[in-house]
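Undergrad: Here you go, one structure.
The values are calculated or read from the model by the stated rules, or taken from the named source; none is laboratory data. Everything numeric in this text was worked out from a predicted model, so none of it was measured. The accessibility values were calculated without ligands, DNA or RNA, using every heavy atom of the protein model including side chains. Shrake-Rupley method; radii C 1.70, N 1.55, O 1.52, S 1.80 Å.
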Amino acid sequence: MIDEVCKNLLSDTSVKDNQITNALRHMITWLQWPKHVNLHLWIIRLCFGLAETGRLIILFEITSEMAATVAQKLWYRNIQSTVLQVLITLLLFNQSCPMAFHGIIPILEKAFGEVKEVDIKEELSRLVQTLIYMHPGYPELYHPLSALLAEYEVLSETCMQEMVKKYSVSVYNTSKKFTAFASQSKVEKRVDKVGLENLGNTCFLNSVVQALYNIDSFQSAILSSEMSSTPLLRGLQTVFAFLQLTQRASLSPHSFVKASLPTWFVEGEQQDSSEYMRFLLDSIHEETDKVNRQLTPQSDQKLLDYTLSFTGSDTVTTRCEKCSTMSSSHQKFYDISLHFDEESSNTDILDLTDMLGKAFKDENLVGDNQFYCNSCAGLQDATRSLSGFSLPSCLVLTLCRFSYNVKLNKHIKIRAPVQYPSNLEILNKKYMLNAVIVHSGTSLNGGHYYTYARSLSSPSGQWYLFNDSRVTPCASPAELSSKTCKNSRLSSDTPYLLFYTDMDSVPSTPLVGAMVNPTLRQLVVRDDLSLLREVQAAAERKSAEKKACQGNILSWYSYTDDDDNVPPGADNSIDLSGSRFIF
């Protein structure tokens, strides 16, 4: 009977959301009344029904408002078991935000003393252990609870995962536990990564942002710092925070695009992702340096230079072959350019380590490439050598595929396949492949960019393909590159930027939400609340439209306006279309 009544209640369009919220509020208040038998079952069934029908905003609001009220009812011994079931339902459905749990920690501490029955105490300990597992990264808050849990059996990670999965509901993945509502509106599923909308040939920007975001040390530094007063860095912090925490499938970062583009880039036209990456890092460095110069040397408010992890240096020495005069200069770099031999063809399979070896060899400056010697006051043959290398912890290698063809009077793309390893040792430093930006097409001013990336601190080491708003799990790009070299030598999808990270700089554990700056966390939480309202409103509109069209012979279809070709390694089984966030 409870299932049927709840089904009718939630499917009745005349019953408004505020009425359901008020009903839940009253039922929770009445929990301790002795004559209200099985009231907890009504509350729990309604919660599952709300999750099934996508009305998560009610769950979010009720949990935030009433969690403390429910927890305090654990003082009443005759209803402790039923109250605990309601508390479990509310807190485990609310997986996107830890604030409701954190707000009742003092009440839970007291509850361990108030509850006398062993079975109820053990169930309470299982709930608390699961909540700590679900919302990691708050040791100062959890320390009192951890001391209380010491006398109870340690719950295995598998058991905690099963509890979380039972109540796992996002705006893109509805629960099937409450089958009475299986016919209600459904929402789309997404993986745990977030895409970036293409705002008109902005794939060059999207690919760079996703590659930088997946470099753990850089991501952690950006997100754990105080909100920046500089527009570009503040914009990057905001984008990273949403990529880390949002419930949305994709973002539309209009403001960041406008703030980060070089003045010479024409909006709406395809650009070079390598040039954009260097400009972005250099601009962040200049912003922080400008702020720091205005502070006194003793100031503790100086900004961290986030670009240091990408900054390498070397010394360039040029020796004139005629007079033996030598000139040296010290230079910094964000990437190392690897050039193709003039005789390289699109069918030659090249090796990255060979290209690196050539990049560090002495270069003879002869013919059209002669060196101007001040001592000789003219162009002379010379030898240029590199020394004094200081490699960054995040090493970016650019495969210079675009060159000017004199005969054709235009830039052409060198499509020669390059095999690159997952592990690279260079100048006694050991690096691991972290991200690969791929250029698809035959022209510098056209084509498409997408990124393969992974978090090196993640235990799974799973690779993902970031293709604008579409994000899919994939195989290692090094493996995919090897297959491409063997099977499709004329493929226009070629690696362009390779991101390698020093193994010693990889954090031991991934960044968790608690490490994100609180201001950024609150920004995302507020938007998640807006998203819940959007999804609920959309579901109501769709339901109304279907009812209005009952009997119509037209079928309902779901269309997508994204007709990009799927890059190698993509998993087509996951659809990431859905709500976007524009900021």
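Undergrad: So, for the range 381-438, what is the accessible surface per residue at a probe of 1.4 Å, expressed in square angstrom? Intermediate results must be reported in sequence, preceding the final value.
TA: Values: 2610 Å² over 58 residues.
Averaged over the residues of the range 381-438, the accessible area is 45 Å².
Undergrad: Give me the Kirkwood hydrodynamic radius of the range 355-424, using the inverse of the mean 1/r over all pairs of distinct Cα atoms, in Å to one decimal.
TA: Across the range 355-424, the inverse of the average 1/r is 15.8 Å.
Undergrad: Oh, and also: Ignoring ligands and nucleic acids, what accessible area does Val154 show with a 1.4 Å probe (Å², nearest 10)?
TA: 120 Å²
Undergrad: If you build the Cα gyration tensor of the range 59-107 and take the root of 5 times each eigenvalue, what three semi-axes come out, in whole angstrom, biggest first? Could you put the intermediate results ahead of the total?
TA: Values: eigenvalues 68, 24, 13 Å².
Working from the Cα gyration tensor, I get semi-axes of 18, 11, 8 Å.
Undergrad: Could you pull the Rg and Dmax for the range 212-278, using just the Cα atoms, both in Å?
TA: Spelled out, the Cα radius of gyration and Dmax of the range 212-278 are 12.9, 35 Å.
Undergrad: Another question, if that's okay. Could you look at the range 1-152 and say what percent of its accessible area is carbon and sulfur, using a 1.4 Å probe and all protein chains? Show your work: numbers first, answer last.
TA: Working: 3700 of 6780 Å².
Carbon and sulfur atoms account for 55 percent of the accessible area of the range 1-152.
Undergrad: Taking every pair of Cα atoms in the range 44-84, average 1/r, invert it to obtain the Kirkwood radius, and report Rg/Rh to two decimals.
TA: Details: Rg = 11.9 Å, Rh = 11.2 Å.
So for the range 44-84, dividing Rg by the Kirkwood Rh gives 1.07.
Undergrad: Past 26 Å, Cα to Cα, is the threshold; run Lys332/Lys430; Lys258/Lys542; Lys7/Lys542 against it and keep the listed order. Write out the running numbers ahead of the final one.
TA: Details: Lys332/Lys430 21 Å; Lys258/Lys542 35 Å; Lys7/Lys542 18 Å.
Beyond 26 Å: Lys258/Lys542.
Undergrad: What number do you get for the range 95-167 when its Cα radius of gyration is normalised by 2.2 N^0.38 Å, N = residues?
TA: Details: Rg = 11.8 Å, N = 73, 2.2 N^0.38 = 11.2 Å.
Its radius of gyration relative to the 2.2 N^0.38 Å reference: 1.05.
Undergrad: While we're on this one: Whole percent per 10 Å bin, from 0 to the bin with the longest distance: what is P(r) over all C-alpha pairs of the range 373-525?
TA: Histogramming the range 373-525 at 10 Å steps yields 9, 27, 30, 21, 10, 4, 0 percent.
Undergrad: What aspartates and glutamates sit close enough to Lys116 to cross-link, taking a C-alpha to C-alpha distance under 19 Å and skipping anything fewer than 8 places away on the same chain?
TA: Reachable aspartates and glutamates: Glu151, Glu153.
Undergrad: Given all pairs of different Cα atoms, what value in angstroms does the Kirkwood hydrodynamic radius of the range 233-392 take?
TA: It works out to 20.0 Å.
Undergrad: Turning to a different aspect of this structure: Based on Cα coordinates alone, diagonalise the gyration tensor for the range 404-483, multiply each eigenvalue by 5, take square roots, and list the semi-axes in whole Å, largest first.
TA: Numbers: eigenvalues 158, 66, 20 Å².
Calculated on Cα positions only, the semi-axes equal 28, 18, 10 Å.
Undergrad: Would you work out the relative contact order for the range 214-347, in percent, from Cα pairs under 8 angstrom that are 6 or more residues apart? Kindly include the intermediate steps, with their values, before the conclusion.
TA: Values: 95 pairs, mean separation 23.2, N = 134.
Here the relative contact order equals 17 percent.
Undergrad: Assuming a viscosity of 0.692 mPa s and a temperature of 37 °C, what translational diffusion coefficient in µm² per second does Stokes-Einstein assign to the range 218-323, Rh being the Kirkwood radius over Cα pairs? The partial results should precede the final answer.
TA: Numbers: Rh = 16.3 Å.
After rounding, the answer is 201 µm²/s.
Undergrad: If you roll a 1.4 Å probe over the range 288-430 with all protein chains in place, what percent of the accessible area is carbon or sulfur?
TA: Working: 3970 of 8580 Å².
It is 46 percent, rounded to a whole number.
Undergrad: Mean shadow of the range 401-449, computed from the convex hull of its alpha carbons, in nm²? Don't jump to the answer; show the numbers that get you there.
TA: Working: hull surface 19.3 nm².
The directionally averaged projection comes out at 4.8 nm².
Undergrad: Report, as a whole number in µm² per second, the diffusion coefficient that Stokes-Einstein gives for the range 1-89 at 37 °C and 0.692 mPa s using the Kirkwood radius over alpha carbon pairs.
TA: The Stokes-Einstein estimate is 247 µm²/s.
Undergrad: Order the following by accessible area, largest value first: Met227, Met160, Met99. Probe radius 1.4 Å; ligands, DNA and RNA are ignored. Numbers along the way, then the final one.
TA: Working: Met227 45, Met160 20, Met99 90 Å².
So, going from the largest accessible area down, we get Met99, Met227, Met160.
Undergrad: I'd like the accessible area for Phe256: 1.4 Å probe, protein heavy atoms, all chains in place, Å² to the nearest 10.
TA: Near enough 10 Å² of accessible area.
Undergrad: Give the ranking of His135, His254, His143, His411 by solvent-accessible surface, highest area first, calculated with a 1.4 Å probe. Numbers along the way, then the final one.
TA: On the way: His135 15, His254 80, His143 130, His411 100 Å².
Ranked from most to least accessible, the order is His143, His411, His254, His135.
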